[in-house]
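Here is the structure we will look at, set down as structure tokens.
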Amino acid sequence: METSMNPSLPLALLLALTLPAQARPLSEIIKTRELRACIVPYHPSSATATPADCREKCHFTGPVYDEVAAFARHLGKHIQLKTLRVEWDEQFYDQNGKVDREASYTPKLLANGSCDVFPSRLTKNAWRLKKMDFVTLFPNRMMVVANVALKGRLQSASHLAGLRAAVLDNSSYSTWLLEQNQKRYSAKPVRVALMSVEDSLRAVDAGKADFTLLDSDIAIWTTRHQFKHAYVAFPVGDKDEVGWAMRKEDQDLQAAAAAFFAQQKQSENSELNRIWTPHYGLSLSRLITLVNSTQ
């Protein structure tokens, strides 16, 4: 389809209509008084978006939204938070809308300025570090959340061999399981079904899957608020880091987020700790202490 330019339009507007949007450093965020956060409402323990099919005009609730809103206020009282609902894999899309784990690139939504930050508690790992940098919110251990029928049988990671797992694709959970199937479970691989976090938990609760893997915050919330036939069995994998992802070039924005997190962790009565306690039954600072005590 051909388009023609209106000669009466100002040059700046013509350029805005024809040139692709560009990524935005902290100076541009301050200048425009707008922080753009792309949120994945993958589970109620992190965020919920309504209406269900929204994209740009969403009403977000949940701790992830509250955390990034607090950060926007930290940047300045005139900074407005602009949110975009995205799907999990969109955080890693290249310019062609594909996830290429081996390639190094800036994800499309960060590169084109749609998002300044992905605040939906991403785990830092090797393939994601080829695409963006991370500011750690809390240390983490993956937790095995299993059906209660297995409570007497599951004592350690070795007991997962041959069982049925339901986990999110392109997540730290699926990454760990696929790696283990090549090593520890090669003789008796875990049967892995890829589905959303919500569907994974429903499958475990209904006994259609034996277990799922979740970050510690989600595991705590889920067994506290949501499912009655699932329990937290034990941690697996190495200790890792969960936080916000940003463009590698945005060092100033990363430094601002790191300073904000550090400030918030100094006081049990800080804004982030007050956000966490009603959702999880413990503060962010308390979770960090618990995870650091696990072996």
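The values are calculated or read from the model by the stated rules, or taken from the named source; none is laboratory data. Everything quoted here is computed from the prediction, not taken from an experiment. Cβ placement follows ideal geometry from the backbone for every residue including glycine, while neighbour counts extend to all protein chains displayed. Areas reflect the complete protein model, heavy atoms only, side chains present, ligands, DNA and RNA absent. Shrake-Rupley method; radii C 1.70, N 1.55, O 1.52, S 1.80 Å.
A few comments on the model shown:
- Restricting the search to helices (runs of 4 or more DSSP H) fully inside segment 148-250 and requiring at least 3 residues that are small (G, A, S) gives 197-206.
- Within the option set N292, N181, being free of Cβ contacts under 8 Å to residues at least 12 places away in the same chain, closer than 29 Å to K131 by Cα and out of contact with any Asp or Glu (no Cβ under 8 Å at 6 or more places or on another chain) holds for one residue only, N181.
Per-residue answers, yes or no, for (1) in the same structural domain as F118 (by the TED database); (2) touching a Leu at 6+ places or on another chain (Cβ under 8 Å); (3) at pLDDT below 95; (4) not hydrophobic (A, V, I, L, M, F, W, C):
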{"position": "K248", "(1), (2), (3), (4)": "yes, no, no, yes"}
{"position": "D252", "(1), (2), (3), (4)": "yes, yes, no, yes"}
{"position": "A255", "(1), (2), (3), (4)": "yes, no, no, no"}
{"position": "A259", "(1), (2), (3), (4)": "yes, no, no, no"}
{"position": "E271", "(1), (2), (3), (4)": "yes, no, no, yes"}
{"position": "H279", "(1), (2), (3), (4)": "yes, no, yes, yes"}
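- Residue count for segment 274-288, restricted to those that are without any contact (Cβ under 8 Å) to a residue 12 or more places away in the chain and β-branched (V, I, T): 1.
- Among the candidates A206, A187, A193, the residue that is aliphatic (A, V, I, L, M), more than 20 Å from Y42 (Cβ to Cβ), free of Cβ contacts under 8 Å to residues at least 60 places away in the same chain and open to solvent by 30 Å² or more (accessible area, probe 1.4 Å) is uniquely A187.
- Total residues in segment 120-160, condition of a type in the set (S, T, N, Q), over 17 Å from S172 (Cβ atoms) and surrounded by fewer than 20 Cβ atoms within 10 Å (Cβ to Cβ): 3
- Taken over segment 161-184, residues that are among the basic types (K, R) and either exposed (fewer than 15 other Cβ atoms within 10 Å of the Cβ) or more than 21 Å from A206 (Cα to Cα) (or both) amount to 2.
- Residue within segment 224-231 that is closer than 17 Å to P139 by Cβ and open to solvent by less than 50 Å² (accessible area, probe 1.4 Å) present: no
- All positions within segment 86-119 that are open to solvent by less than 40 Å² (accessible area, probe 1.4 Å) and not in a loop (DSSP other than H, G, I, E, B): W88, E90, Q91, F92, L109, L110, A111, V117, F118, P119
- Condition met for A262 (out of contact with any Lys or Arg (no Cβ under 6 Å at 6 or more places or on another chain) and surrounded by fewer than 16 Cβ atoms within 10 Å (Cβ to Cβ)): yes
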